[in-house]
1. Go through (1) more than 15 Å from the chain's Cα centre (by Cα); (2) buried (at least 17 other Cβ atoms within 10 Å of the Cβ); (3) among the charged types (D, E, K, R) for Arg16 and report which single condition fails.
2. Of (1) more than 17 Å from the chain's Cα centre (by Cα); (2) farther than 21 Å from Leu59 by Cα, Leu156 satisfies all except one. Which?
3. Look at Ala128 and say whether it is at negative phi, of a type in the set (A, V, I, L, M, F, W, C) and in a helix (DSSP H, G or I).
4. Please pick out the residue among Ile245, Ile149, Ile201 that is touching a helix residue (DSSP H, G or I) at 6+ places or on another chain (Cβ under 8 Å) and under 30 Å from Arg119 (Cα atoms).
5. (1) in contact (Cβ under 8 Å) with a residue 12 or more places away in the chain; (2) more than 16 Å from ligand 1 (Cβ to nearest atom); (3) within 24 Å of Asn87 (Cα to Cα); (4) surrounded by fewer than 17 Cβ atoms within 10 Å (Cβ to Cβ): which one isn't true of Ile126, the others all being true?
6. Restricting region 161-188 to residues that are assigned to a loop (DSSP other than H, G, I, E, B) and hydroxyl-bearing (Ser, Thr, Tyr), which is nearest to the chain's Cα centre (by Cα)?
7. Looking only at region 12-63, which residues are within 23 Å of Arg203 (Cα to Cα) and in a helix (DSSP H, G or I)?
8. Which of the residues spanning region 145-160 are touching a strand residue (DSSP E or B) at 6+ places or on another chain (Cβ under 7 Å) and either part of a helix (DSSP H, G or I) or on the phi > 0 side of the Ramachandran plot (or both)?
Amino acid sequence: MVGAGISTPSGIPDFRSPRSGLYSNLQQYDLPYPEAIFELTFFSHNPKPFFTLAKELYLRSYRPNVIHYFLRLLHDKGLLLRLYTQNIDGLERVSGIPASKLVEAHGSFASATCTVCRRPFPGKDIWADVTVDRIPRCPVCTGVVKPDIVFFGEALPQRFLMHVVDFPMADLLLILGTSLEVEPFASLSEAVQSSVPRLLINRDLVGPFAWRPRSRDVVQLGDVVHGVERLVELLGWTEELQDLIQQETEKLNRRDR
Ligand code: OAD
Ligand code: ZN
């Protein structure tokens, strides 16, 4: 399970960190309160703040970091049952983890839907408008086209239901870079069997690790990059991970050239 804390090393702010988090830096967007950027009622009255954020994520073309590649390495080794992410930056896909291994619980920009007639569109259809600060509109009914990011109160994607099968099967749960404050995602941390170790690598002690700890919990507090690098070292995978990062970075360099 991962959250915004795994993308801060890529330069993307998280949501709730004091000072650096997105929710403390939304003054420029003219929002009544920060979470409004992901609320349908506010969006229907003013979609601009959300699209400004979308444009920023798109244009800056952020890159995966060592955490994403560690997860990719778990996949390459056949150890990753599934990656449940709350992130909407798409960096798990960019790191080369196949879609079949991913549950993007809060949606993604890969697809979009007209808020009025519910017609689906490929995500890429919105960028021509968004990059010039135009609100993307449905060619059929002129309704605003919203990327399939899960707003507060909206249903999670169908794939999220895979948790019902995945979590009871897991024999280790890694939780990286999340405040575990948003439901129903947060409660997944309690869905593994009680005999299964849960490893939290995060700056703060969060969620059930604080208020309902289990005897097999392991907590590594501090910087997530440092925590993951330490784990990788203990596993003896340091060199292998460096090779993977180098290979994938060259691929991205060729893409961006
Ligand atoms: P939060 O911003 O709530 O939490 C990020 C967590 O990562 C915090 O506990 C930080 O302390 C920690 N963190 C950040 N950078 C770190 C670093 N370099 N090293 C260690 N820890 C670090 O983000 P999420 O839990 O992902 O919804 O937030 C959940 C949801 O709330 C998001 O998916 C978003 C938001 O509303 C949507 O986008 C729809
Ligand atoms: Zn429409």
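None of the figures in this text is laboratory data; all of them are computed from the coordinates on show. None of the values given here were measured: they were computed from a predicted structure. As a convention, Cβ positions derive from the backbone with ideal geometry for all residues, glycine included, and neighbour counts pool all protein chains shown.
1. Failed condition: (1).
2. Tallying (1) more than 17 Å from the chain's Cα centre (by Cα); (2) farther than 21 Å from Leu59 by Cα, Leu156 fails exactly one: (1).
3. Numbers: at negative phi: yes; of a type in the set (A, V, I, L, M, F, W, C): yes; in a helix (DSSP H, G or I): yes.
Yes, satisfied.
4. On the way: Ile245 fails: under 30 Å from Arg119 (Cα atoms); Ile201 fails: under 30 Å from Arg119 (Cα atoms).
One residue alone meets the criteria, Ile149.
5. The single condition Ile126 does not satisfy is (4).
6. Filtering region 161-188 for residues assigned to a loop (DSSP other than H, G, I, E, B) gives 170-172, 177-184.
Those left that are additionally hydroxyl-bearing (Ser, Thr, Tyr): 178-179.
On the way: Thr178: 9, Ser179: 12 Å.
Only one residue fits best here, namely Thr178.
7. Initial filter on region 12-63 (within 23 Å of Arg203 (Cα to Cα)): 12-26, 34-35, 62-63.
Of everything in region 12-63, those that are within 23 Å of Arg203 (Cα to Cα) and in a helix (DSSP H, G or I) turn out to be Leu22, Tyr23, Ser24, Pro34, Glu35.
8. Restricting attention to region 145-160, the residues satisfying the condition of being touching a strand residue (DSSP E or B) at 6+ places or on another chain (Cβ under 7 Å) are 145-152, 157, 159-160.
Once the filter is applied, which keeps residues that are touching a strand residue (DSSP E or B) at 6+ places or on another chain (Cβ under 7 Å) and either part of a helix (DSSP H, G or I) or on the phi > 0 side of the Ramachandran plot (or both), region 145-160 yields Arg159, Phe160.
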